[in-house]
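Visitor: One structure is given below, represented as structure tokens, and several questions about it will come after.
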Amino acid sequence: MVVKCLFMKQQEVQMQSTKLISIQAAALLLYSILVILLIPDPNYNTSQSLHDCHDFTAGWTMQTANIHENAEKLPNLLHTDNERDVWLRRTLTDVADGDCIGFFSFQQQVDISLDGETVYTFLPKDYMNSDTPGNKWHFFQVNSDDNGKELTIHIRQCYFANRISIPKIYYGSESGIIMHYIIQEVPHIALSLIMILFGVILFVFCLSYRKKPDFEKGLLWLSFFAVFRGTWTFIEANVYTLVLTHYLLLSHVSYLCLKLSVAAFLQFINVSFHNGANRPLRYLTLASVAEFWVTGILQLVFAVDFANTIAVTYLILLLGGIIACHGSIHAAVNPPHLSLGRRQSSYIARTACTIVIIAASIADLVRYYTVTSPDIAFFSRWGDFIFVCTMSATFVLDFVALVRIGYQAQQIKEEAEQDPMTKIKNRACFERDIMSGCEKQWKRQSIVVIDLNNLKLFNDEHGHGMGDYYIIVSSEIIYDSYSPYGCVYRIGGDEFCVIATDLSEDNFLKIRDAAEKYLETLRMPNYQLHMELSAGYAAFNSKFDYNLRDTMKRADELMYQRKTELKKANASKNPDTP
């Protein structure tokens with residue numbers, strides 16, 4: 001009854017997982033369509049030579065409705081009194097032809113002017129109906145004629161009315177600024193790409209081995225988590241804006257990946273460590289999926305921006321992390337399966353990594369709301385990498401432990417079915433196999449019964465050691481002769497049986513005669529007794545046999561007839577031989 005309940009529970013979990021996988025697959029399809037739309041900017045020029053990139057944050061004047069001050073160096077953040085706009089001004093000096101001014105804006109509207117004349121704008125499109133135009137690298141070309149002109153950069157913070165993020169401004173060639181930024185972001189980009197690649201490889205592995213009985217279904221969710229988080233953290237490295245023009249679309253994809261990664265994380269924890277039976281985690285997973293679709297629809301109809309719903313996403317992640325840690329600590333004390341030490345270490349590792357993810361997410365959330373950082377995945381990128389690597393390692397170790405247990409169980413099973421002397425299948429295995437199958441299978445099967453002649457005399461006259469030698473040698477000949485046609489069993493001291501498939505009587509006679517001749521060549525000199533096999537064959541016939549046991553009885557009778565024939569033949573050849 002317990003086994004039946006566990007099986008039903010497992011089926012229920014698999015059905016729920018299948019539904020959620022369908023949801024995730026739909027999301028991935030949506031992302032694929034969006035990515036197809038990400039067409040590189042044909043006007044992007046990479047032919048410039050690489051020049052040095054210089055810091056250009058000194059000598060500016062900052063102005064808001066209530067603030068007007070000269071800044072020796074621009075700050076990263078400007079606190080205001082419920083204001084969103086800041087004007088950065090400076091007079092251009094010593095600028096050369098072909099150079100540019102570059103900076104990155106995060107959820108900000110940008111307007112650049114020279115001597116009051118607007119020369120560049122980055123505003124939301126009318127058809128997008130969004131507060132933010134997205135995130136973008138801005139490059140403003142200057143030349144020697146601009147010396148002496150006043151450069152004004154007007155920045156409007158799209159969210160958060162009490163602080164304005166001031167971008168770091170660079171001066172130099174466009175290619176130099178790009179290379180300077182990319183070199184800084186290489187570790188972050190590499191981690192993100194490794195995560196994505198790892199998730200894809202893990203997903204392919206899951207597709208290949210999903211039908212294996214020892215397949216860990218949580219690996220599929222870990223692959224989703226790695227792909228979603230890797231994509232999110234890669235986009236947040238803000239490299240895509242250097243070659244792509246769909247800035248707002250990529251920003252939305254980033255938010256969607258973040259939201260989907262939470263559902264994948266919760267489902268991974270629930271399936272892998274609770275067999276899908278943790279109800280709070282199940283409900284939070286459904287809530288996360290619902291939040292993904294609801295906020296996506298609201299953004300689609302221009303009701304709510306993703307940026308305003310990010311707190312809900314992190315709240316679900318935080319609650320799930322707390323529940324996961326509580327369950328892990330409880331399970332670590334009483335590991336449910338595998339060896340105590342191995343499973344205990346798995347839960348401890350999972351708890352530690354979950355704490356790392358939660359701490360990193362909280363740190364990024366604080367930076368998002370207090371610093372308005374353009375990289376809201378700065379800490380999560382490292383926490384996610386540690387989590388994926390550690391979880392994969394624990395799965396590998398658990399898998400190795402399961403393989404070892406399975407190997408030991410297989411060894412025990414083989415030893416239980418094996419005759420200790422001859423190493424072929426024993427009587428218990430024979431009793432099981434002869435009762436299996438049905439008449440449709442029996443029609444192709446036949447029984448061969450084999451007996452060793454003179455074994456008792458061998459034991460009496462030459463000792464049991466010579467009798468054991470007789471049994472072992474005969475078993476090897478029997479096995480080599482009949483194993484290509486079926487299973488060979490030792491069913492008694494000197495009795496062997498073969499359950500053969502597609503073995504005709506003509507082939508049996510050839511095999512029997514060849515075995516007898518071969519055994520005759522092993523006759524030992526100066527020994528009157530010699531080793532000899534008597535074999536009987538019968539094919540299943542529904543007219544005479546109810547099952548294979550009836551077939552065996554007929555084969556046994558024919559075996560005794562053969563034994564009598566051999567004894568008479570030996571008696572005529574050697575009247576003095578027993």
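The values are calculated or read from the model by the stated rules, or taken from the named source; none is laboratory data. A quick note: this is a predicted structure, and the numbers were derived from the prediction, not measured. Positions of Cβ are backbone-derived with ideal geometry, glycine not excepted, and every protein chain shown enters the neighbour counts. Note: areas computed on protein heavy atoms with side chains; ligands, DNA, RNA excluded. Shrake-Rupley method; radii C 1.70, N 1.55, O 1.52, S 1.80 Å.
Visitor: Evaluate the distance, in nm, between pseudo-label points positioned 7 Å from the Cα of I348 and of I189 along their respective Cα→Cβ axes.
Guide: About 4.0 nm, to one decimal.
Visitor: Which order, highest average first, do 224-232, 291-299 follow once you tally other Cβ atoms within 10 Å for each residue and take the mean per peptide?
Guide: Details: 224-232: 27.1, 291-299: 16.8.
Peptide ranking by packing, descending: 224-232, 291-299.
Visitor: A further question follows. Among I166, V142, V110, which residue has its Cα positioned farthest towards the positive end of the charge dipole of region 88-169, with +1 placed on the Cβ of Lys and Arg, -1 on the Cβ of Asp and Glu, and the dipole taken about the Cα centre?
Guide: I166
Visitor: With no solvent and one point per C-alpha, what does the Debye sum give as log10 I(q)/I(0) for region 230-325 at q = 0.11, 0.14, 0.20 Å⁻¹?
Guide: One equal scatterer on each Cα of region 230-325 leads to -0.36, -0.56, -0.95.
Visitor: Still on this structure: Suppose each label sits 7 Å from its Cα in the direction of the beta carbon; what would the D502-V312 distance come out to in nanometres?
Guide: It works out to 6.4 nm between the two label points.
Visitor: Turning to a different aspect of this structure: Measure out, as a whole number of angstrom, how far apart the alpha-carbon centroids of region 90-139 and region 225-268 sit.
Guide: 24
Visitor: With no solvent and one equal point scatterer placed on each C-alpha of region 128-280, evaluate the Debye formula and give log10 I(q)/I(0) for q = 0.14 Å⁻¹, two decimals.
Guide: Reported log10 I(q)/I(0), two decimals: -0.87.
Visitor: Please sort 484-496, 556-568 by packing, taking for each peptide the average over its residues of neighbouring beta carbons within 10 angstrom, highest first. Please list the in-between numbers first.
Guide: On the way: 484-496: 18.9, 556-568: 15.3.
In decreasing order of mean packing, 484-496, 556-568 become 484-496, 556-568.
Visitor: Please work out how much accessible surface I355 shows to a 1.4 Å probe, ignoring ligands, DNA and RNA, in Å² rounded to 10.
Guide: Roll a 1.4 Å probe over it and I355 shows about 90 Å².
Visitor: Further, regarding this structure: By a straight-distance test (C-alpha under 13 Å), which aspartates and glutamates pair with K517 as possible cross-link partners, with residues fewer than eight away in the same chain excluded?
Guide: Straight-distance partners of K517: E532.
Visitor: I've got another one for you. Over the alpha-carbon set of region 109-148, divide Rg by the Kirkwood Rh and report the Rg/Rh ratio to two decimals.
Guide: Details: Rg = 13.0 Å, Rh = 12.0 Å.
With Rg and the Kirkwood Rh in hand, the quotient comes to 1.08.
Visitor: Given the protein chains as shown and a 1.4 Å probe, how many square angstrom of I323 are accessible, to the nearest 10?
Guide: Roll a 1.4 Å probe over it and I323 shows about 50 Å².
Visitor: Next up: According to a simple spin-label model (label point 7 Å from Cα along Cα-to-Cβ), what is the distance in nm between D115 and A58?
Guide: Roughly 2.8 nm, to one decimal.
Visitor: Report Rg(Cα)/(2.2 N^0.38 Å) for region 90-134, keeping two decimals. Working shown, then result.
Guide: Working: Rg = 13.6 Å, N = 45, 2.2 N^0.38 = 9.3 Å.
Relative to the rule-of-thumb radius for its length, region 90-134 sits at 1.45.
Visitor: Report Rg (one decimal) and Dmax (nearest whole number) for region 186-254, counting Cα atoms only, units Å.
Guide: 14.6, 47
Visitor: If you don't mind, there's one more thing I want to ask. For region 156-187, which trypsin sites (Lys or Arg not before Pro) are in a loop by DSSP, counting at most 16 other Cβ atoms within 10 Å?
Guide: When the trypsin sites (Lys or Arg not before Pro) of region 156-187 are filtered for loop state and at most 16 Cβ neighbours within 10 Å, K168 remain.
Visitor: Can you give the extra length, in nm with one decimal, that the chain gains between T245 and E150 once fully stretched, where that is 0.36 nm per residue apart less the Cα-Cα distance?
Guide: 31.3 nm
Visitor: Work out the P(r) tail for region 400-500: percent of alpha carbon pairs separated by more than 18 Å, whole number.
Guide: It works out to 56 percent of all Cα pairs.
Visitor: Further question: How much length is gained if the chain between V301 and I67 is pulled fully straight, taking 0.36 nm per residue apart and subtracting their Cα-Cα distance, in nm to one decimal?
Guide: Taking 0.36 nm per residue and subtracting the Cα distance, the gain is 80.5 nm.
Visitor: Same structure again: Can you give the net charge of the other residues whose Cβ lies under 11 Å from the Cβ of D375, counting K and R as +1 and D and E as -1?
Guide: Summing Lys and Arg as +1 and Asp and Glu as -1 gives -1.
Visitor: Please work out the C-alpha center-to-center distance from region 278-313 to region 405-481 and express it in whole Å.
Guide: Distance between centres, Cα-based: 65 Å.
Visitor: Further question: Write down the radius of gyration of region 118-205 and its Dmax, each obtained from C-alpha positions, in Å.
Guide: Just the Cα atoms of region 118-205 yield Rg and Dmax of 18.7, 63 Å.
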